[in-house]
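Asker: Supplied in structure tokens, the structure appears directly below.
The values are calculated or read from the model by the stated rules, or taken from the named source; none is laboratory data. Computed from a predicted model, the values in this text were never measured in an experiment. Virtual Cβ from ideal backbone geometry, glycine too; neighbours counted across all protein chains shown. Note: accessible area is taken over every heavy atom of the protein model, side chains too, but ligands, DNA and RNA are not part of it. Shrake-Rupley method; radii C 1.70, N 1.55, O 1.52, S 1.80 Å.
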Amino acid sequence: MTAMLTGTQKAALVLIQIGREQAARVMAQLDESEIEELTTEIARLERIDPVVAESVLDEFHETSLGGRSYGSRGGLGYAQQLLEASVGRERAAGMLERLATSLQGQPFEFLQYADARQVVSLLSGEHPQTIALVLAHLRADHASAIMTGLPPKVQGEIAHRIALMERASPDVVQVVAETLQRKASAVLTPQEMSAVGGVQPLVEIINRADPTTEKLILEGLEARDEALADEVRSRMFVFTDVVLLEERAIQLVLRGVEMSVLATALKGADEEVREKILRNLSERARENLEEEIELLGPVRLSLVEDARASVVQVIRKLEESGQIVIRREGEDEYVA
């Protein structure tokens, strides 16, 4: 249930739950960009499902809050009070002015929790630029599920358009959203209705796709813009990036991968990757794995790639569930 929430949304929900004074003290320790992100989410969280709130608090070790109970309601007024308590009235006013556009809500909010298959049906026949605009506004996991349902022949074109989309006229976005919302009333059942693009949003969409869809998207993108496809690949988590994982994360990953798949994935792997995995196995498991790799003999490259994709999918699912954190190259280290 909490998987639908981003890390920022969960943090905002916790701040709402712990009360204004404590939340203000927490926010006072953050930099301005982090405060603005949290304020935006707090303002959007007008109504909070008690079950979701409880689940998020469990995730953040509810016992550390001392069992205190607070009202589960955010909104713009609460966000303003919290900002003023954190940074003072004058700075709060300036920050809220900058956030005014974000606080108005998302133009495609009516699609955020609609069934992916019905959104595919809704977008059927729309221009690829329109589809790209919609997907760039949706949660990455939702957009990925929708992209998977689109015809393979258009996936590459839509991916290309998302990556090149840096800005969109608010008026155009509003017109597209209103047109689709009118159309949606005939496609979606009532209970299902409840910076825009760029390379990174596209990477997040592809990272959540299955291996077949990922391959089709990248091939289609490469056919249109090889340099852009290379940039996307450089930002994605790939099998060789396992060297960036912490030891505990590697051990969690290995529990979710069959030994035969792991053996195939390690055929021809870099020594650094091989060593990273082997040293996180017990002595007996390490010996069994090395023996299985040796017994495999020559393996087709396509089978090795499929096995590596399976390992990467396990890693992505663990990251999505919050069980591990992927430290990508160039990112700051964490300090305990």
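Asker: Anything in segment 210-223 that is open to solvent by less than 60 Å² (accessible area, probe 1.4 Å) and of a type in the set (D, E, K, R)? List them, or say none.
Answerer: 210, 214
Asker: Looking at 169, 144 in this structure, which one is modelled with pLDDT under 85 and not aromatic (Phe, Trp, Tyr)?
Answerer: The unique qualifying residue is 169.
Asker: Then there's this: Counting just the residues of segment 131-167 that are closer than 21 Å to residue 228 by Cα and among the basic types (Lys, Arg), which one comes out surrounded by the most Cβ atoms within 10 Å (Cβ to Cβ)?
Answerer: 161
Asker: When you go through 246, 226, 287, 292 one by one, which is the residue that is acidic (Asp, Glu), open to solvent by 10 Å² or more (accessible area, probe 1.4 Å) and closer than 26 Å to residue 166 by Cβ? Step through it out loud before you land on a result.
Answerer: Numbers: 246 fails: closer than 26 Å to residue 166 by Cβ; 287 fails: closer than 26 Å to residue 166 by Cβ; 292 fails: closer than 26 Å to residue 166 by Cβ.
Exactly one of 246, 226, 287, 292 is acidic (Asp, Glu), open to solvent by 10 Å² or more (accessible area, probe 1.4 Å) and closer than 26 Å to residue 166 by Cβ, namely 226.
Asker: Return only the number of the condition from (1) crowded, with 19+ Cβ neighbours inside 10 Å; (2) under 30 Å from residue 161 (Cβ atoms); (3) modelled with pLDDT of 85 or more that residue 179 does not satisfy.
Answerer: (1)
Asker: Are any residues in segment 259-301 among the aliphatic types (A, V, I, L, M) and out of contact with any helix residue (DSSP H, G or I) (no Cβ under 9 Å at 6 or more places or on another chain), and if so, which ones?
Answerer: Of everything in segment 259-301, just one residue is among the aliphatic types (A, V, I, L, M) and out of contact with any helix residue (DSSP H, G or I) (no Cβ under 9 Å at 6 or more places or on another chain), namely 301.
Asker: Let me ask something else. Listed residues 240, 212, 264; which is hydroxyl-bearing (Ser, Thr, Tyr) and under 21 Å from residue 116 (Cβ atoms)? Before you say what the answer is, go through the steps one by one.
Answerer: On the way: 240 fails: under 21 Å from residue 116 (Cβ atoms); 264 fails: under 21 Å from residue 116 (Cβ atoms).
One residue alone meets the criteria, 212.
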